[in-house]
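Read through the structure below, which is laid out as structure tokens, and then see the notes.
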Amino acid sequence: MPDPIDFYFDFASPYGYFASLRIDELAAAHGRTVTWRPILLGAVFKVTGMKPNLEQPLRGEYLTLDAGRIARLLNAPFTFPDSAPVNGVAASRAFYWLADEHPEQAKLLARALYHAHFAEGRDIGPADTVAEIAARSLGSLGIDRAAVSAALQDQSVKDRLRAATDEAVERGVFGSPFVIVDDEPFWGWDRLEMVDRWLATGGW
């Protein structure tokens, strides 16, 4: 079996959100699976010296235009949250709490968090909000708010997120989304077509 495709993203990234709507389906068409890996771009930016796109002159204004345009292209539910760029620490910790033993549940949670943020405009930064969304989306699987809230304060969960972000930097990840196919890196939502072609042809 070929190795899974690595999908790095930050919950604050609208481009990561758009990629999340398609990446698993794209990979499955080529007989591949996807490992989702949320990271904190704030830590990455300390290495690159960049600022969040929304805080950059001209680029921030373009981002708000571009995100809406992509949403219309995909017919995807979208609203630009007032809380953007959101702090994704709690959301990412909740993901990694589930990911190792229950990767599909973790993906369900990531999708629910992304939807709450970019489709409903909710601020998913507060731990209480993350716990509420997790309980609502995964309650049928026995996940409750108290368990999520406790996990967010667990040192091993905190360390897991930190290690994931450090590993991403070591692999050359510097943005969201960032897809790695068999050590071949692709940055940006608009590179998914290239990823599709790469998988179909074996590269060029």
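Overview of values
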item: Amide H contacts of VAL181 (H built 1.01 Å from N, under 5 Å, at least 5 apart or other chain); result: PHE186
item: Derived scalar couplings ³J(HN,Hα) [the stretch 33-48; Karplus, 6.51 cos²θ - 1.76 cosθ + 1.60; whole Hz; x for Gly, Pro]; result: 10, 10, 9, 7, 9, x, 9, 10, 5, x, 5, 5, 5, 5, 7, 7
item: Highest-MSF residue in the chain out of GLY175, GLY31, GLY42 [GNM, Cα springs under 10 Å]; result: GLY31
item: For the stretch 15-71: rounded, prolate or oblate by the Cα gyration tensor [a/c cutoff 1.5]; result: oblate
item: Other-chain or far-sequence residues with amide H under 5 Å of ILE5's (modelled H); result: THR33, VAL34, THR35
item: THR64/GLU25 FRET efficiency (R0 25 Å; Cβ-Cβ; nearest 0.05); result: 0.40
item: Gyration tensor verdict on the stretch 1-96 (Cα atoms; rounded if a/c is under 1.5, prolate if a/b is larger than b/c, oblate otherwise); result: oblate
item: Mean separation of Cα contacts under 8 Å, 6 or more apart, over the residue count of the chain: relative contact order %; result: 29
item: Gain in span if fully extended, GLU104 to MET1, counting 0.36 nm per residue against the direct Cα distance; result: 35.2 nm
item: Theoretical gain in end-to-end length, GLU193 to LEU73 [0.36 nm per residue, Cα-Cα removed]; result: 41.8 nm
item: Estimated FRET transfer efficiency when R0 is 41 angstrom, pair LYS51-SER140 (beta carbons, to 0.05); result: 0.50
item: Share, in percent, of DSSP beta bridges within the chain that are antiparallel, nearest 5; result: 60
item: Vicinal HN-Hα couplings computed from phi for the stretch 184-195 (Karplus, 6.51 cos²θ - 1.76 cosθ + 1.60; Hz; Gly/Pro x); result: 9, x, 9, 10, x, 4, 6, 8, 5, 5, 5, 4
item: Packing-based order for 2-10, 149-157, using average beta carbon neighbours within 10 Å, highest first; result: 2-10, 149-157
item: Dipole magnitude (debye, nearest 20) for the chain, charges at Cβ of Lys, Arg, Asp, Glu; result: 340
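No value in this document is a laboratory result; all are computed from the given coordinates. Values in this document were obtained by computation on a predicted structure and should not be read as measured data. Heads up, the Cβs are rebuilt from the backbone with ideal geometry, glycines too, and the neighbour counts pull from every protein chain shown.
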